[in-house]
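**Student:** Right, I'll just put the structure down here and ask away after.
The values are calculated or read from the model by the stated rules, or taken from the named source; none is laboratory data. Quantities reported herein were computed from a predicted structural model and do not represent experimental measurements. Positions of Cβ are generated from backbone atoms using ideal geometry, with glycine treated the same way; all protein chains shown enter the neighbour counts. Note: accessible area is taken over every heavy atom of the protein model, side chains too, but ligands, DNA and RNA are not part of it. Shrake-Rupley method; radii C 1.70, N 1.55, O 1.52, S 1.80 Å.
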Amino acid sequence: MNVPMKNAKVRLYVDHPLGEGQTIPLERDQANYLFAVMRLSVGDVVSLFNGRDGEWRAEVVVANKRNGVLICVQQTQPLQMPPDLWLCFAPIKKARTDFIVEKAAEMGACRIVPVQTEYTNSDRMRQDRLQAHAVEAAEQCGGTYVPEVTELTKLDKLLEDWPVGRQLMFCDEAEVGSAKQLAASEGGPWAILIGPEGGFSPPERERLRALPFAHVVSLGPRILRADTAAVAAMTLWQQALGDWQ
Ligand code: SAM
């Protein structure tokens with residue numbers, strides 16, 4: 001008689017290699033989440049991913065409040081990389097910045113780059129907190145990859161170190177209402193750039209517009225908040241050049 005396979009309801013990111021028969025020791029907060037919050041016990045199953053080895057079904061073999069062990073049973077999804085798209089954005093208020101990181105991870109950015117521009121209000125940012133948001137977003141959206149959230153980078157430095165061959169979708173509020181749309185022709189590596197609440201300064205705009213790899217884009221006839229603009233730009237890019245096609 002076939003014993004029906006239990007379905008995993010819980011998805012967890014672990015920083016540990018995954019493979020058949022691999023045991024995964026749990027950290028204290030993971031054990032607390034699985035056994036105290038989700039009330040799992042020995043024999044229950046969990047979906048695991050680590051951003052490298054795809055998704056695995058794992059079984060609980062040790063369940064304590066402070067620690068636990070899982071064992072990988074079977075791969076349930078191969079690693080699926082998102083397209084080579086960076087989301088570069090100027091951080092805004094905390095909750096809205098969290099929202100941008102969460103949406104970028106869900107929508108398939110492979111790297112999230114907080115950028116300090118002239119009119120950016122915050123000059124400090126908790127990279128580890130934003131990275132944790134990206135992990136949580138990947139856990140809940142079924143992704144097998146977690147985008148890296150980089151440290152806050154000055155716009156000048158970002159442009160100085162710009163990689164050869166990467167195109168830039170420069171979302172410029174000065175183009176509000178214009179017909180400048182993303183020309184859906186060139187694939188390959190891309191980045192989206194979204195400015196802060198105050199927009200781009202005139203010298204920044206001049207510099208960005210002169211870059212040979214920049215494509216100036218309008219996001220319609222209204223000025224969008226930066227968090228809305230990030231989601232709108234990613235939607236347009238994914239539809240035209242990404243993995244939504
Ligand atoms: N303070 C600026 C102004 O009033 O012109 C608006 C900045 S907007 C809140 C934040 C960012 O979202 C902009 O820097 C730009 O990257 C993007 N954005 C918002 N609406 C846009 C539009 N209609 N077209 C292109 N980019 C837009």
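**Student:** What strands (runs of 3 or more DSSP E) completely inside the stretch 36-93 contain at least 3 residues that are open to solvent by 40 Å² or more (accessible area, probe 1.4 Å)?
**Tutor:** It comes to 55-63, 68-77.
**Student:** Another question, then. Out of the stretch 202-234, which residues are of a type in the set (S, T, N, Q) and either in contact (Cβ under 8 Å) with a residue 40 or more places away in the chain or in contact with a Cys (Cβ under 6 Å, 6 or more places away or on another chain) (or both)?
**Tutor:** Ser218 - this is the single residue of the stretch 202-234 that is of a type in the set (S, T, N, Q) and either in contact (Cβ under 8 Å) with a residue 40 or more places away in the chain or in contact with a Cys (Cβ under 6 Å, 6 or more places away or on another chain) (or both).
**Student:** Looking at (1) within 30 Å of Leu34 (Cβ to Cβ); (2) within 16 Å of the ligand (Cβ to nearest atom), can you tell me which one Val149 breaks?
**Tutor:** Here Val149 clears every test but (2).
**Student:** Please identify the pairs in which a residue from the stretch 15-33 that is among the polar types (S, T, N, Q) has its Cβ atom under 6 Å from the Cβ atom of a residue that is at pLDDT 95 or above, counting only partners at least 6 apart or on another chain.
**Tutor:** Gln22/Cys72; Thr23/Val69; Thr23/Ile71
**Student:** Only one of these is of a type in the set (Asp, Glu), more than 7 Å from the ligand (Cβ to nearest atom) and in contact with a helix residue (DSSP H, G or I) (Cβ under 9 Å, 6 or more places away or on another chain): Glu206, Glu186, Glu173. Name it.
**Tutor:** Glu186
**Student:** Can I ask one more? Output the residues belonging to the stretch 94-103 that are free of Cβ contacts under 8 Å to residues at least 40 places away in the same chain and open to solvent by 70 Å² or more (accessible area, probe 1.4 Å).
**Tutor:** Lys94, Ala95
**Student:** Please specify each residue of the stretch 176-196 satisfying the condition of being at pLDDT 95 or above and open to solvent by 20 Å² or more (accessible area, probe 1.4 Å).
**Tutor:** Pro189 - this is the single residue of the stretch 176-196 that is at pLDDT 95 or above and open to solvent by 20 Å² or more (accessible area, probe 1.4 Å).
**Student:** Ok, one more. Pairs only if they're at least six apart or on different chains, beta carbon under 9 angstrom, first in the stretch 164-175 and open to solvent by 50 Å² or more (accessible area, probe 1.4 Å), second assigned to a strand (DSSP E or B); list them, first residue then second.
**Tutor:** Ala174/Val216
**Student:** Can you tell me which residue among Arg225, Arg207 is basic (Lys, Arg), within 16 Å of Lys103 (Cβ to Cβ) and assigned by TED's automatic domain parsing to the domain that holds Ala90?
**Tutor:** So the residue among Arg225, Arg207 that is basic (Lys, Arg), within 16 Å of Lys103 (Cβ to Cβ) and assigned by TED's automatic domain parsing to the domain that holds Ala90 is Arg225.
**Student:** For the stretch 218-233, indicate whether the set of residues that are more than 10 Å from the ligand (Cβ to nearest atom), open to solvent by less than 10 Å² (accessible area, probe 1.4 Å), at pLDDT 95 or above and out of contact with any helix residue (DSSP H, G or I) (no Cβ under 6 Å at 6 or more places or on another chain) is non-empty.
**Tutor:** No; the residues of the stretch 218-233 include none that is more than 10 Å from the ligand (Cβ to nearest atom), open to solvent by less than 10 Å² (accessible area, probe 1.4 Å), at pLDDT 95 or above and out of contact with any helix residue (DSSP H, G or I) (no Cβ under 6 Å at 6 or more places or on another chain).
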